[in-house]
Structure formats: structure tokens, C-alpha cells
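See below for the structure under consideration.
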Ligand SMILES: Cc1cc2nc3c(=O)[nH]c(=O)nc-3n(C[C@H](O)[C@H](O)[C@H](O)COP(=O)(O)OP(=O)(O)OC[C@H]3O[C@@H](n4cnc5c(N)ncnc54)[C@H](O)[C@@H]3O)c2cc1C
Ligand SMILES: Cc1ncc(C[n+]2csc(CCOP(=O)(O)OP(=O)(O)O)c2C)c(N)n1
Ligand SMILES: [Mg+2]
């Protein structure tokens, strides 16, 4: 099962490698990992997308909690939550193809954020599956470059992850 | 008080009440060494290899319960310490290891003797720090000692760049009185509802079993464990790390369990209906084949580290907490309930255990004209009245020590279980002797293991730490040879040590007493003579039977009831 784990950790040098090292040392899967400081500059928030049996996920959360730099964590997948990923796609866009690409971008609520006579950069946000679908819809030969941020997420409702 | 970084380091150690620091100097720590030179409160023990420093500090820690402290230089000094740090990590031993680092401005430039020790040790420490600011030094030491010694203990590394200890930069010093970390709050008390459930289950057991481990030693809970076990009249087994947590000479003790556990302990594990696991981590050397581990049992597990619970074996009643208070709560509950387990069922269970015991699985050939290693340990146990501190190396001799030296008290058995580090024994024994100068300290070793830290014989002379070295010299890496005999059709690939040194001369060259013993009749007199030499380190080289194996043995991947027993042990079909 796929799980999204949100982690608040001390904004210390080395904290990120403790988490990354834990996953590689113990052989846990890691689909994506994103991290950035929070409004409290002493804390970073990390979102890890991983998968495994219930036992493995239980071990992952326990092992994460054991790291001294980890302050708190929540498995978002256990509650109602929202997940988002940002993707930027650079596509070839010439002549007749330009309209077609623009139309597709509109359907996926993407924004064209860079334009040249031969290319567009399209920004799309959404759940992983939506981004995958957008890429599917584009013709492979038009793709120049794809950059994805990895998934981040937040709980629905009033409840939040604080210290 | 205005102090330099180097002086702060030393002052922090004093404020932590550190008695001994085990170390080896080098460029990056010379400011600290200069500060050490100017005081005598913290005594420095100069080892001969940084691995020895970590093991000696570790032996000190295991035998006292206090943290062991190490000081090494950057680069090779620090990397030499890694094996000892990993050894302590695997067995949850509190160490504070101070490593020198190159000066801040050159970090990352491949400077002379630079190694990223924070990166290298990250997977084998409880936590580590790089101190970039002299103002953070005292606070970091406070945190390091706190983290190392609380919850599930473990080693903490403090990496200090040379310029942070500059003698010309002084700042006001005050050691923090207390420390609190928002991200680290180990639980102490167990959850009352869980404890209640556990007690209910224990009282309803018909074939109960207690399996206790290193957590009982680390958590100083031997008294509580003994009280509870006697109160319930349950059988108890210990892991290799848990030996001494319950008196081994007591009737209720059924011996060690696991790969080289006794027949009765492993059979009782296999057949029990309620298992109380106390401060033990279900290691693969203990469980054998997981799918057939205690097949009919409901399991209660007390552990301070939630990650130890249900890691390899799913348990029914987890209790997160410190063993001593949790066991005390259990005792209290049982006493006030006025209830006792079913006496009839327990009687039948003890009868069954008695049958398994009657197999006498630790029997060995006493009429051999070769020295049997088991005999040496038995004699040693008798002559030291079971009261010595025993540090062991790794191999067959370690297993025989665990099986034949019956430990009645905690912290007397000191060995590397989790990492299984050859070379651990001698430096650990030195650390123990420093902590307990009046006690008998023995190092049980093998001719291969002892050579991995043999240089510490010089340390033993310099600091007058008279330990008695019992070298069970079978000429082989015996444990390796045994596996090759059983699993690789006796192809003894590189497990024979063709060119052994003359250990007697070697001991003498280091300024100690050397003895060679090659007849069974000489074993006891030699031990007696060595034990009489109170103020000398004595190296006893016992030439033992090279073909002897450790039994029983649950081979990897097998279940508890599928033990390989010593040749000639007859198992009655009724029994198995
Ligand atoms: C050659 C060789 C052969 C071996 N054969 C065997 C064998 O036959 N049998 C055997 O048992 N072992 C054997 N071992 C050792 C084995 O590898 C493990 O080291 C050992 O079994 C682990 O012991 P433990 O479960 O007691 O855990 P430890 O490593 O001692 O861990 C202690 C546990 O207690 C917890 N804890 C710590 N402090 C507290 C506290 N205050 N309160 C509550 N919980 C606490 C910790 O979180 C941890 O889970 C062998 C090792 C070697 C090298
Ligand atoms: C540093 C290290 N290297 C290798 C091993 C693997 N190993 C385990 S036991 C053993 C043999 C030990 O031989 P010895 O010290 O003579 O003890 P014996 O088994 O003969 O009693 C070896 C090589 C180890 N545990 N540690
Ligand atoms: Mg040997």
C-alpha cells in the first residue's frame, strides 16, 4: 500500500541525510521525498511517499520517530487528506501542434509559463495520477523535459501537524 | 569562569562526573590533550589502538551502567573507532565518543586527516553532533550524555573541529543544569491498561515462559525480574545479552535460549502458551525460524523502544516502557489481586521441563585426554565462585563461557552479541578492571580473537589492570570451522591459523606472565596459580581439543525444537 508520511524535523544540517540514510539502510521503498523549512524557521517539513505492508509501514514510522531530529510525524494516508505535486513540462510546440498542446494544457488546468517559437513550458499541479495522465496525453516525441516536485500533502479539516 | 573550547570539553566531562576517558592523541585533538594535561580529575587511559579505546570504554559502561567516554583524533583516529561504536550501538551501550575534526574553514576540502565521521557513523550511533560554535559546546555535551544514557541507551559521537577548541578564544562557561529536547522523550511508565491485560494473561497461563534480555541488565531490573519470576513460579530463560538478569544457579532458570541455547529452554519456548518477553529484541539468533517461533503462544513484550516491538515477531500485548517500573507495577498488581496461576497446570509444565532437563544437553566428554574447553570454563566458574567479571571475545569460546559460567548477578557478563566483534574481550576487560579494581576480571578468548586487539596488553601493563586471560586455543577459528564442518562438508576454507605466535613469550614480551597448559590434569592448578597472582596480568594459553563443537545448535532457518545435539545424546521420542 502507498503511504504519505508527513514529518516535522529539526531544521539542522544532517537531518535530511538521517532520514534518507534510514530508508536506504533498512531497505524501505521511497517513491518521493520533499523537504522545505516551515513558517517556524527551526523546523522543516518533509513529505515521504513510500509503500509496504502494514508491518513495514509500522516499522518505518517507529524508526522515523526514533531519530532524534524527528519532532513529530503523521501518516496522512490514514485520514482524509489532500495531496499535490507540481510538474513542469517542456514540450516541442511548432505550427499546428501549438494549438493542440495548449488545448491539452487547458483541459488539465495547466498554465503555460514560458513560450518560445518552438516550445512551451507547462505547469501542472495535482495528484500524482493527474500528472501521470497529462504526460500520457502528450505525444512522446513532443516531450523535451519533465520536472516533478514529488508529492506533498496536508490533512483536511482543522487538524494540523504542529509541535 | 572564562574557558577555551578545549577547557570546556574537559570541564564538561568533570561536570558529568566522568572518571576515565579512553583515548589516543593526534593533531586535531591536541588542544584538548593540553587541557587534559593540566588537571587530574578526569583520568586519561592511553590505549594502543582506537578500537581498543571504544571497547575499553564499552566494558567500563557495561560493568558499571555509567557512560563510557572516548577521545580520538580526526581521520584515521575516528575511523579506527568505528568498529567499537558499531559494537556499542548493536548492544545499546551508552558511550560518548569525542572525535577531533579538521578546522571549520577547511572542512570539505579533503584536508589532511579529514573524514566525514558524522556521515560515517550516522547509521551506527544513537545520535551525533558536529559542533561548529564554541558557544554550543557545553549544551551539546549535556545533550550527548542525556541521549546516550536514557531510553534505549546507545553511543553518541561529538565531532569537534580543531579551531573550536582554540586555547586563545575564551568564553564564559556554565554547564546546563538540565536538558529537554522537544523531539526526544523516552517513555518510562508502561500503560496501565496494557499492564493489567498482561497480568491477566500471565495468571491464566498453563505453560508460561519468561524470556528476558539485555534490557533487564541495561535497565537495572534484575531484582524486579527475580521477584516477579519467583512470585509466579514461572520458568525463565535469558538471551546471551540477558545472562545474569536472573540467577543462573536458581531452579527456575532453564539456561540460555536460541542458536546455542539449552534443550530445555528451546523446547519450553516451542511449547509455551504464554510468553513474557522482557527487554529482548527477538533477534534471529534467538527466534530461529520465525514462522515456527512459539507457535502456540500469546506474547507480551516489554521494551522501552517501540521499534523493537513487533519488528520481527508480531506480539499480542505490547508494553512500551522502562523494564524496572513496568515489572514493579506487575508485581504490585499480582500481589493485590491475591490470585495465583493454576497450580496443577504449572506442576505438569515443570514436570515436562524436568524431562527435557534430564537429557543433560550440556554434557561433554570428561574422560578425554585433550583439554575440553567446557571443562576449563567449569573449573574457572568454581574457582571464582561464579563471582568474577567475565569479558569475552567472539566465537565458540564465547558460547561455552555463556553456557558453563553461571552468572548469578547482572553486569558480570560482558560480551559483544549484536555485532559479534572479535577483539572486544581484552580491551573490555581492561575497562572493567579500571572500574572494579578489587574484583576478579577474566577475559575468555580464542587464539584468533585475541590477536585482533593484542596490542592492548601494553595498556594493561601501563595502568596496572591485572586481568586473567583464558585463551581457549583450538588452533582454528572454531566457530567458522564448526559451520564449515556442518554446512560445507568439512571444507575448512581459511579457518586454520597456521602460524600462531608463542603466546607465552608474547605475554612475557609485554611484561606479563605467560602459561601454557596442555593436559586436563593441569587445568585447575594453572587457574589456581594464575588467580593467586593478584597484581599480574596472566595469559593462560590452554591448548584445547580442536574438534570440539558447540551444542546444542539450532542451525539458521531451523525452529527451536529442531536442535542438533551433541553426538551420543539420546532423545527419547516421548521427550521431543
Ligand atoms: C557467535 C554468536 C552466537 C550467538 N548465539 C546466541 C544464542 O544462542 N542465543 C542468544 O540469545 N543470543 C545469541 N547471540 C547474540 C545475538 O546475536 C543477540 O545479540 C542477542 O540475542 C540479543 O539479545 P537481546 O534480545 O537480549 O537484546 P539486546 O541487544 O540486549 O537489546 C535489548 C533490548 O531491550 C530494550 N531495552 C533496553 N533498555 C531497556 C529498558 N531500560 N527497559 C526496557 N527495554 C529496554 C532495547 O530496546 C532492546 O530491544 C549470539 C551472538 C554471537 C556473536
Ligand atoms: C572482526 C570479526 N571478523 C570476523 C568474524 C567472524 N567470526 C566469528 S567467530 C570467528 C572465529 C573466532 O575464532 P577464535 O577467536 O579462535 O574463537 P573460537 O571460535 O575458536 O573459540 C570468526 C572469524 C567476527 N565475528 N568478527
Ligand atoms: Mg580458536
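Below is a table of values for the structure above.
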{"read-out": "In region B:208-245, residue surrounded by the fewest Cβ atoms within 10 Å (Cβ to Cβ) [restricted to those that are part of a loop (DSSP other than H, G, I, E, B) and away from ligand 1 (no atom under 14 Å from the Cβ)]", "value": "B:233"}
{"read-out": "Enumeration of residues in region B:246-260 that are assigned to a strand (DSSP E or B) and more than 9 Å from ligand 1 (Cβ to nearest atom)", "value": "B:253, B:254, B:255"}
{"read-out": "Residue B:339 vs. criteria in contact (Cβ under 8 Å) with a residue 24 or more places away in the chain, outside any strand (DSSP E or B) and under 20 Å from residue B:265 (Cβ atoms)", "value": "no"}
{"read-out": "Residue in region B:44-67 that is within 14 Å of chain A (Cβ to nearest Cβ) and outside any strand (DSSP E or B) present", "value": "no"}
{"read-out": "Any pair with Cβ under 9 angstrom, 6 or more apart, that starts in region B:441-460 at a residue that is within 14 Å of chain A (Cβ to nearest Cβ) and ends at one that is within 16 Å of ligand 1 (Cβ to nearest atom)", "value": "none"}
{"read-out": "Meets criteria (within 18 Å of residue B:219 (Cβ to Cβ) and in contact with a strand residue (DSSP E or B) (Cβ under 7 Å, 6 or more places away or on another chain)) for residue B:277", "value": "yes"}
{"read-out": "Residue pairs meeting the criteria (Cβ under 7 Å; at least 6 apart or on separate chains; first over 19 Å from residue B:539 (Cβ atoms) and more than 14 Å from every other protein chain (Cβ to nearest Cβ), in region B:461-486; second part of a helix (DSSP H, G or I) and within 14 Å of ligand 1 (Cβ to nearest atom))", "value": "B:479/B:396; B:482/B:396"}
{"read-out": "Among residues of region B:456-489, those that are away from ligand 1 (no atom under 16 Å from the Cβ) and either outside the structural domain of residue B:416 (by TED's automatic domain parsing) or assigned to a loop (DSSP other than H, G, I, E, B) (or both), counted", "value": "8"}
{"read-out": "Count - residues of region A:1-35 that are touching a strand residue (DSSP E or B) at 6+ places or on another chain (Cβ under 8 Å), free of Cβ contacts under 8 Å to residues at least 24 places away in the same chain and within 13 Å of chain B (Cβ to nearest Cβ)", "value": "2"}
{"read-out": "Some residue of region B:436-455 being crowded, with 24+ Cβ neighbours inside 10 Å, away from ligand 3 (no atom under 16 Å from the Cβ) and not in a strand (DSSP E or B)", "value": "no"}
{"read-out": "Condition check for residue B:239: without any contact (Cβ under 8 Å) to a residue 60 or more places away in the chain and under 23 Å from residue B:283 (Cα atoms)", "value": "no"}
{"read-out": "Conditions (1) under 25 Å from the mean Cα position of the chain (by Cα); (2) within 23 Å of residue B:5 (Cα to Cα); (3) in a loop (DSSP other than H, G, I, E, B); number of the one not met by residue B:151", "value": "(2)"}
{"read-out": "Residue check for residue A:44: assigned to a strand (DSSP E or B) and more than 11 Å from every other protein chain (Cβ to nearest Cβ)", "value": "yes"}
{"read-out": "Hits in region B:524-564 - residues which are within 26 Å of residue B:363 (Cα to Cα) and touching a strand residue (DSSP E or B) at 6+ places or on another chain (Cβ under 6 Å)", "value": "B:526, B:540, B:541, B:542, B:543, B:544, B:546, B:553, B:564"}
{"read-out": "Looking only at region B:263-280, and only at residues there that are buried (at least 24 other Cβ atoms within 10 Å of the Cβ) and in a loop (DSSP other than H, G, I, E, B), the one that is nearest to ligand 3 (Cβ to nearest atom)", "value": "B:280"}
{"read-out": "Single residue of B:125, B:188, B:179, B:157 found to be within 11 Å of chain A (Cβ to nearest Cβ) and under 29 Å from residue A:26 (Cβ atoms)", "value": "B:125"}
{"read-out": "Search result, residues across region A:62-77 that are surrounded by fewer than 21 Cβ atoms within 10 Å (Cβ to Cβ) and without any contact (Cβ under 8 Å) to a residue 60 or more places away in the chain", "value": "A:62, A:63, A:65, A:66"}
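Okay, residues lined up against (1) away from ligand 2 (no atom under 16 Å from the Cβ); (2) part of a strand (DSSP E or B):
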{"site": "B:85", "(1), (2)": "no, no"}
{"site": "B:88", "(1), (2)": "no, no"}
{"site": "B:99", "(1), (2)": "yes, yes"}
{"site": "B:108", "(1), (2)": "yes, no"}
{"site": "B:121", "(1), (2)": "yes, no"}
{"site": "B:132", "(1), (2)": "yes, no"}
{"site": "B:140", "(1), (2)": "yes, no"}
{"site": "B:143", "(1), (2)": "yes, no"}
{"site": "B:158", "(1), (2)": "yes, yes"}
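The values are calculated or read from the model by the stated rules, or taken from the named source; none is laboratory data. Given the structure is predicted, the values throughout are model-derived calculations rather than measurements. Glycine gets a Cβ as well: all are built from the backbone with ideal geometry, and neighbour counts include every protein chain shown.
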